[in-house]
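Peer 1: Here you go, one structure.
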Amino acid sequence: MSLIRQNLQAITATIVATAQESGRPPGTVQLLAVSKTFGPEAVLEAVAAGQRAFGENYLQEGVDKIHAVQAAGASGLEWHFIGPIQSNKTRPIAAHFDWVHTVEREKIAQRLSEQRPAGMAPLQICLQVNISGEASKSGVAPDEVAALAHKVAALPNLTLRGLMAIPEPAEHFDQQRAAFARLRTLYDQLRADGLALDTLSMGMSADLRAAIVEGATIVRVGSAIFGARNYHKA
Ligand SMILES: *Cc1c(COP(=O)(O)O)cnc(C)c1O
């Protein structure tokens, strides 16, 4: 059995067990396989093992990979953009991806909505929130999330699905949980405020269990599936 298949099975088992321990139906947690720096052959191996949703951070690498994987005959996949967004790169993101997890400014959201090609389903959006304060430069500040969320929810070619965060790395389970709990609280407030959100994108290879306990609906897992990344090769 391939190593990627083996890793996918192990992570799926962890997701199911952790969801059950926290009283959640296992089907409520989706696995996003983060394939950045790995080639199309790694994605195809994961597809052969049943994986459908893939996350990419770097635009050109991601677009090239989407084309290569399609050319190899794989279909029905879902591509999520999870990297920082420069405003001059929104058009290819809007044209090639199904989801974007890293929206943190209204201007970027407006461009993605305007540039979403006619005939495609609305782009599915998460707002990236800075829940670690000064330790992180990315993400909208927690006290600005509600205003941004209402603006993004009103854009025609986007569907606002929820919130995403990358907390600063923490070693202990309780510290990991505390950061995810902050995102969860913001999410609950937005829902109470009338926004129809259903997605909490949080948890990576090192903190996936804490994220599930705190309500993650998408976990973004890279190295635990594909192995250690070599950035020089990418
Ligand atoms: C790289 C990356 C991941 C996956 O990280 P691992 O530690 O390899 O699981 C998840 N989310 C984002 C935004 C990333 O950039």
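Peer 1: Could you tell me which residue of the range 132-180 is farthest from the ligand (Cβ to nearest atom), considering only residues that are basic (K, R) and either closer than 28 Å to A206 by Cβ or in contact (Cβ under 8 Å) with a residue 60 or more places away in the chain (or both)?
Peer 2: Step one: filter the range 132-180 for residues basic (K, R), giving 137, 151, 161, 177.
Subsequent filtering for residues that are either closer than 28 Å to A206 by Cβ or in contact (Cβ under 8 Å) with a residue 60 or more places away in the chain (or both) retains 137, 161, 177.
Working: K137: 14, R161: 16, R177: 17 Å.
Looking at residues that are basic (K, R) and either closer than 28 Å to A206 by Cβ or in contact (Cβ under 8 Å) with a residue 60 or more places away in the chain (or both), I get R177.
Peer 1: Suppose the filter is within 16 Å of the chain's Cα centre (by Cα), among the aromatic types (F, W, Y) and either outside any helix (DSSP H, G or I) or buried (at least 16 other Cβ atoms within 10 Å of the Cβ) (or both); does F38 pass it?
Peer 2: no
Peer 1: While we're looking at this one, here's another question. When you check T12 against the structure, is it under 17 Å from the mean Cα position of the chain (by Cα), surrounded by fewer than 16 Cβ atoms within 10 Å (Cβ to Cβ) and not basic (K, R), yes or no?
Peer 2: Working: under 17 Å from the mean Cα position of the chain (by Cα): yes; surrounded by fewer than 16 Cβ atoms within 10 Å (Cβ to Cβ): no; not basic (K, R): yes.
Against the criterion (under 17 Å from the mean Cα position of the chain (by Cα), surrounded by fewer than 16 Cβ atoms within 10 Å (Cβ to Cβ) and not basic (K, R)), T12 does not qualify.
Peer 1: Do we find a residue being among the hydroxyl-bearing types (S, T, Y), within 14 Å of the ligand (Cβ to nearest atom) and part of a helix (DSSP H, G or I) anywhere in the range 197-205?
Peer 2: no
Peer 1: Further question on the same structure: Going through the range 9-35 one residue at a time, which ones are out of contact with any Leu (no Cβ under 9 Å at 6 or more places or on another chain), within 16 Å of the ligand (Cβ to nearest atom) and farther than 11 Å from R220 by Cα?
Peer 2: The one that is out of contact with any Leu (no Cβ under 9 Å at 6 or more places or on another chain), within 16 Å of the ligand (Cβ to nearest atom) and farther than 11 Å from R220 by Cα: A10.
Here is a yes/no grid of residues against (1) away from the ligand (no atom under 16 Å from the Cβ); (2) over 26 Å from A42 (Cα atoms); (3) touching a residue at least 40 places away in the same chain (Cβ under 8 Å); (4) in a strand (DSSP E or B):
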| position | (1), (2), (3), (4) |
| --- | --- |
| V69 | yes, no, no, no |
| G73 | yes, no, no, no |
| G76 | yes, no, no, no |
| H80 | no, no, yes, yes |
| G83 | no, no, yes, no |
| I93 | no, no, no, no |
| V100 | no, no, no, yes |
| M120 | yes, yes, no, no |
| L127 | no, yes, no, yes |
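We did not get these values from a lab; they are worked out from the coordinates using the rules stated. Keep in mind that this is a model prediction, so the values were computed, not measured. Counting neighbours? That spans all protein chains shown, and the Cβs are built from the backbone with ideal geometry, glycine included.
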